[in-house]
1. Calculate for the chain the 222 nm mean residue ellipticity that helices alone would give, adding -39,500 (n - 2.57) per DSSP H run of length 4 or more and normalising by residue count, nearest 500 deg cm²/dmol.
2. With no solvent and one equal point scatterer per Cα, compute the Debye intensity ratio I(q)/I(0) for the range 78-169 at 0.24 Å⁻¹ and report its log10, rounded to two decimals.
3. Please check which bits of the range 84-103 a label hung off S128 would reach, taking the label as a point 7 Å along Cα-to-C-beta and the cut-off as backbone N under 18 Å.
4. Please compute the length gained on full extension between K83 and R108, using 0.36 nm multiplied by the number of residues separating them and subtracting their Cα-Cα distance.
5. Select from S122, S91, S132 the residue whose mean-square fluctuation is largest in a Gaussian network model of the chain (Cα-Cα springs shorter than 10 Å).
6. Is the chain rounded, prolate or oblate when judged by the Cα gyration tensor, a ≥ b ≥ c being the square roots of its eigenvalues, rounded requiring a/c under 1.5 and prolate requiring a/b larger than b/c?
7. Using each residue's phi in the range 72-89, evaluate 6.51 cos²θ - 1.76 cosθ + 1.60 at θ = phi - 60° and report the 3J(HN,Hα) Karplus result to the nearest Hz, with x for Gly and Pro.
8. Less than 15 Å Cβ to Cβ from T11, Lys/Arg counted +1 and Asp/Glu -1: what total charge do the surrounding residues give?
Amino acid sequence: MNLRRRTAVATVLAAALLAGCGFKLRVALTFAFQTLAVTPENNGLVAADLIRYFGKTVVPLAPTPGMLARQVIVDILQEVRAKNVVGINASGQVREFQLKIRIQFRMRTPDGRELITPTEISQQRDISFNESAVLAKEAEEVLLFRDMQADLLQQLLRRLAAIKTLDSP
């Protein structure tokens, strides 16, 4: 076989393998609702990111007259951030931390029917520590927490998009 034919066969074989394994590119998320309320409205960084993501489709729990009514309510039940020591050296000095973020949420209709039961999502990262670079490590910690928060938001959005209908079962 010449080189051109080998390249064509390899390309077709690679395409067949990718199609066979279920690979597909990520598409834009679509949601079964046009308006939502997020609680707590003023607390929690993940709730604030969720409100920022949906923008004008977010309405308050108690809408004023003339406002669109909310179709679903996303409750951020709990948001916990933790920093634990996981490694020390022979002199007892910290060498490694583990950073964790955990959120618990649910999605319900205004009449109280749960579309997503209370669900927990968590992220964790390990970070080494060096007492001679404290400021740099603090900045790295902030960036890692921000990265974990963005990952949590994406997971949360995918779970909200998995709801295909708001009709009762």
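We did not get these values from a lab; they are worked out from the coordinates using the rules stated. Remember, predicted model here, so these are calculated numbers, not experimental data. Cβ atoms come from the backbone with ideal geometry, glycine included; neighbour counts cover every protein chain shown.
1. That calculation yields -11500 deg cm²/dmol at 222 nm.
2. Here log10 of I(q) over I(0) equals -1.17.
3. Counting only backbone N, you get 85-99.
4. 5.8 nm
5. S91
6. It is oblate, given that a/c is not under 1.5 and a/b is not larger than b/c.
7. Coupling constants for the range 72-89: 9, 10, 9, 9, 8, 6, 7, 9, 10, 10, 9, 9, 10, 7, 10, x, 10, 8 Hz.
8. Details: positive: R4, R5, R6; negative: none.
Taking every Cβ under 15 Å from that of T11, the sum is +3.
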